[in-house]
1. Output the residue which, of all residues in the stretch 12-26 that are loosely packed, with under 14 Cβ neighbours inside 10 Å and touching a helix residue (DSSP H, G or I) at 6+ places or on another chain (Cβ under 9 Å), is nearest to residue 70 (Cα to Cα).
2. If you scan the stretch 33-45, which residues turn out to be in contact (Cβ under 8 Å) with a residue 12 or more places away in the chain and assigned to a loop (DSSP other than H, G, I, E, B)?
3. Return yes or no: is residue 9 assigned to a helix (DSSP H, G or I), more than 16 Å from residue 61 (Cα to Cα) and at pLDDT 95 or above?
4. Within the stretch 88-107, is even one residue modelled with pLDDT under 75, loosely packed, with under 10 Cβ neighbours inside 10 Å and at negative phi?
5. Yes or no: residue 63 loosely packed, with under 12 Cβ neighbours inside 10 Å and at pLDDT 75 or above?
6. When residues of the stretch 29-55 are filtered for being in contact with a helix residue (DSSP H, G or I) (Cβ under 6 Å, 6 or more places away or on another chain) and surrounded by fewer than 13 Cβ atoms within 10 Å (Cβ to Cβ), how many remain?
7. Exactly one of these conditions fails for residue 58: (1) modelled with pLDDT of 90 or more; (2) crowded, with 16+ Cβ neighbours inside 10 Å; (3) outside any helix (DSSP H, G or I). Give me its number.
């Protein structure tokens, strides 16, 4: 199947298929005599796995680190990911992504609490440590004097 049909079957675009190929997530497909890409059911299944993992929050770089094992996830049912023991902490790519998601959830929960307090009329509580513009205190943002505006100059 040609790239347009393969992209439609996988729920994506031809541009995405080329991008996955460039990034090493999708092996170079077989080419026709005229140089067009040909995809089979295995490649379509792999693209679906890539899209599912990206939707779960993994990055292209995360997937590149395990690109040689992406075909395993296209199996039905896919093999178990991570530790064999239920309840054991995840490791590797999945563990790092879970930690990043937990940190983002905590950051967003704190932000939500702050916005809710502001919406109820409570003044915001300053956060500990330097704020985003603290480095500007005591410094002039303009380092050279600007020429006077025409309306500021003295008429002669």
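1. 24
2. Correct list: 36, 39, 40.
3. Considered against the rule, which asks whether it is assigned to a helix (DSSP H, G or I), more than 16 Å from residue 61 (Cα to Cα) and at pLDDT 95 or above, residue 9 comes out as yes.
4. Among the residues of the stretch 88-107, at least one is modelled with pLDDT under 75, loosely packed, with under 10 Cβ neighbours inside 10 Å and at negative phi, which makes the answer yes.
5. For residue 63, the condition - loosely packed, with under 12 Cβ neighbours inside 10 Å and at pLDDT 75 or above - is not met.
6. 0
7. Residue 58 satisfies every listed condition except (1).
The values are calculated or read from the model by the stated rules, or taken from the named source; none is laboratory data. A quick note: this is a predicted structure, and the numbers were derived from the prediction, not measured. Neighbour counts are summed over all protein chains in view; Cβ atoms, including those assigned to glycine, are modelled from backbone coordinates with ideal geometry.
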